Amino acid sequence: MLRLGFPVVGVADLDRAAAFWAAALHLQVSEEWASPSWRTLTGPGGDRVLGLMRSASPPEPRPRLHLDLLVDTTDEQEAEVARLGSLGATLPDWDGYPAEPDFVVLADPDGNVFCVVDLSRAPSSGAVGGGA
């Protein structure tokens, strides 16, 4: 039976990406399937959570598929954006924000964009928000 696995992010520098995403998401870099072109990141129970694959293609400025990282409050969003910045994330030039966004767009050290979404302001919360 077909089942969904886990997201895979293409990166230029596997070691840098593994260090960033492991610290960002409190994951462990696993030796499972490790190779010069692959790293697997696992959660506390050992479940595969994220794959990193060496890629020669540049990151897409507006990818059709991206990661949403979720927080529960605006204060938590601000703190996580700052923490991720200290790990090497950057604020890309992003002109696609709605009037009252519930998300902040960041880029990992390889330039892959992702969002930090404040669920207290997401459309399903009943608050006004734009969604990612």
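Since every read-out is calculated from the coordinates, none of them should be taken as a lab result. Please read all numbers here as calculations on a predicted model, not as lab measurements. Every residue, glycine as well, gets a Cβ built from its backbone with ideal geometry; the counts of neighbours run over all protein chains shown.
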Exercise. Going by alpha carbons, how many degrees (0 to 90, nearest 10) lie between the helix axis of 74-87 and the longest principal axis of the chain?
Worked result: 40 degrees
Exercise. If we count every other residue with Cβ under 13 angstrom of residue 100's Cβ, Lys/Arg +1 and Asp/Glu -1, where does the sum land?
Worked result: -1
Problem set entry | the range 58-121 shape via C-alpha gyration tensor axes, a/c threshold 1.5 | oblate
For this session: Express the relative contact order of the chain as a whole percentage, based on alpha carbon pairs under 8 Å and six or more residues apart in sequence.
Result: 23 percent
Seminar exercise, completed: Expressed as a whole-number percentage, the relative contact order of the range 10-78 with C-alpha contacts under 8 angstrom and at least six residues apart is 28 percent
Problem set entry | Environment charge of residue 16, counting only residues whose C-beta is closer than 13 Å and scoring Lys/Arg +1, Asp/Glu -1 | -2
For this session: With springs only between Cα atoms under 10 Å apart, run a GNM on the chain and tell me which of 19, 107, 56 wobbles the most.
Result: 56
Problem set entry | Cα-projected label distance for residue 26 with residue 78, points at 7 Å along beta-carbon direction, nm | 2.2 nm
Problem set entry | Degrees, to the nearest 10: 14-25 long Cα axis against longest axis of the chain | 40 degrees
Problem set entry | Ellipsoid equivalent to the chain - semi-axes via the Cα gyration tensor, in Å | 26, 17, 14
Problem set entry | 222 nm mean residue ellipticity, helices alone, for the chain (DSSP H n ≥ 4; -39,500 (n - 2.57); rounded to 500) | -6000 deg cm²/dmol
